[in-house]
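The values are calculated or read from the model by the stated rules, or taken from the named source; none is laboratory data. Predicted, not measured: the structure shown is a model, and the values here were computed from it. Quick reminder, even Gly has a Cβ in these numbers, built from the backbone with ideal geometry, and neighbours come from all protein chains shown.
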Amino acid sequence: MTAPQADGTAEVLATFAVASEPGNERIALRAVATAAADCGLSADQLERLKTAVAEATMNAIEHGNDNRPEVPVDIAVLRTVDAVAVTITDRGGDRAEHADKEIPDLELKLRGEQRPRGWGLFLVQSMVDDMEVSTHDGLHTVRLTMRTDGSIRAEGAHDAQQL
């Protein structure tokens, strides 16, 4: 592996896959924590990233791949000079494109006016500096980014946008 370049080129720290079985999110969070351990994240940032990775991986296992162990969830850990990013990719892209993008509302949920579930990606987004969701050719990818330079998220202002 080479160090990230000043031009923003990302270094791939790790790539791996987990079977789509409940509980394998723990494998993912441990592998991500190991790969990102020396990337300049604070202890709090690393814990938030691990939690976000676990939740996004659980969503990929359950919703994207329908808990089918033979269908993998692919995970990659990348870094630039000022950020660490994790991509979690499942095979549910066709469904994800048509999924309801309802924003969870606690009051509505308590009154039974929204489904009781649906907090996953909403909460994940609050744990990281940036979250992007994309679909392409049947694949659904969630990209989680944590800044290592301590800056506040600003669109287009960081190399992390290239991750």
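For region 1-102, which fully contained helices (runs of 4 or more DSSP H) count at least 1 residues that are modelled with pLDDT of 95 or more and either under 18 Å from V133 (Cα atoms) or out of contact with any helix residue (DSSP H, G or I) (no Cβ under 9 Å at 6 or more places or on another chain) (or both)?
Numbers: elements: 25-36, 43-59, 93-96.
So the answer is 25-36, 43-59.
What single numbered condition from (1) among the polar types (S, T, N, Q); (2) modelled with pLDDT of 65 or more; (3) within 22 Å of L46 (Cβ to Cβ) fails to hold for S151?
Unmet condition: (2).
If R68 satisfies every condition in (1) in contact with a strand residue (DSSP E or B) (Cβ under 8 Å, 6 or more places away or on another chain); (2) surrounded by fewer than 17 Cβ atoms within 10 Å (Cβ to Cβ); (3) within 18 Å of G138 (Cβ to Cβ); (4) not acidic (D, E) but one, which is the exception?
With (1) in contact with a strand residue (DSSP E or B) (Cβ under 8 Å, 6 or more places away or on another chain); (2) surrounded by fewer than 17 Cβ atoms within 10 Å (Cβ to Cβ); (3) within 18 Å of G138 (Cβ to Cβ); (4) not acidic (D, E) applied to R68, the lone miss is (1).
Just give me the residues in region 29-74 being small (G, A, S) and farther than 24 Å from D94 by Cβ, in sequence order.
Within region 29-74, the subset small (G, A, S) is 31, 33, 35-37, 40, 42-43, 52, 54, 56, 60, 64.
Scanning region 29-74 gives A31, A33, A35, A36, A37, G40, S42, A43, A52, A54.
Does R143 satisfy being more than 23 Å from A60 (Cβ to Cβ), touching a strand residue (DSSP E or B) at 6+ places or on another chain (Cβ under 6 Å) and modelled with pLDDT of 95 or more? Please lay out each step first, then the result.
Numbers: more than 23 Å from A60 (Cβ to Cβ): no; touching a strand residue (DSSP E or B) at 6+ places or on another chain (Cβ under 6 Å): yes; modelled with pLDDT of 95 or more: yes.
Here the answer is no, as R143 does not meet what is asked.
Taking interchain pairs and intrachain pairs at least six residues apart, which have beta carbon atoms under 8 angstrom, with the first residue in region 35-46 and in contact (Cβ under 8 Å) with a residue 12 or more places away in the chain and the second buried (at least 20 other Cβ atoms within 10 Å of the Cβ) and in a helix (DSSP H, G or I)?
Taking only residues 6 or more apart or on different chains, the pairs are A36/L49; L41/L49; L46/A36.
Give all pairs with beta carbons closer than 8 Å in which a residue from region 51-79 that is without any contact (Cβ under 8 Å) to a residue 12 or more places away in the chain and under 21 Å from F122 (Cα atoms) meets a residue that is buried (at least 24 other Cβ atoms within 10 Å of the Cβ) and of a type in the set (V, I, T); count only pairs at least 6 apart in sequence or on separate chains.
From residues that are without any contact (Cβ under 8 Å) to a residue 12 or more places away in the chain and under 21 Å from F122 (Cα atoms), there are no pairs.
Scan region 19-41 and tell me whether some residue there is of a type in the set (A, V, I, L, M, F, W, C), touching a strand residue (DSSP E or B) at 6+ places or on another chain (Cβ under 9 Å) and farther than 15 Å from L144 by Cβ.
Kept after step one, since they are of a type in the set (A, V, I, L, M, F, W, C), are these residues of region 19-41: 19, 27-29, 31-33, 35-37, 39, 41.
From what's left, touching a strand residue (DSSP E or B) at 6+ places or on another chain (Cβ under 9 Å): 19, 27-28, 31-32, 35-36, 39, 41.
Of the ones still in play, those that are also farther than 15 Å from L144 by Cβ are 19, 27.
Looking through region 19-41, at least one residue is of a type in the set (A, V, I, L, M, F, W, C), touching a strand residue (DSSP E or B) at 6+ places or on another chain (Cβ under 9 Å) and farther than 15 Å from L144 by Cβ.
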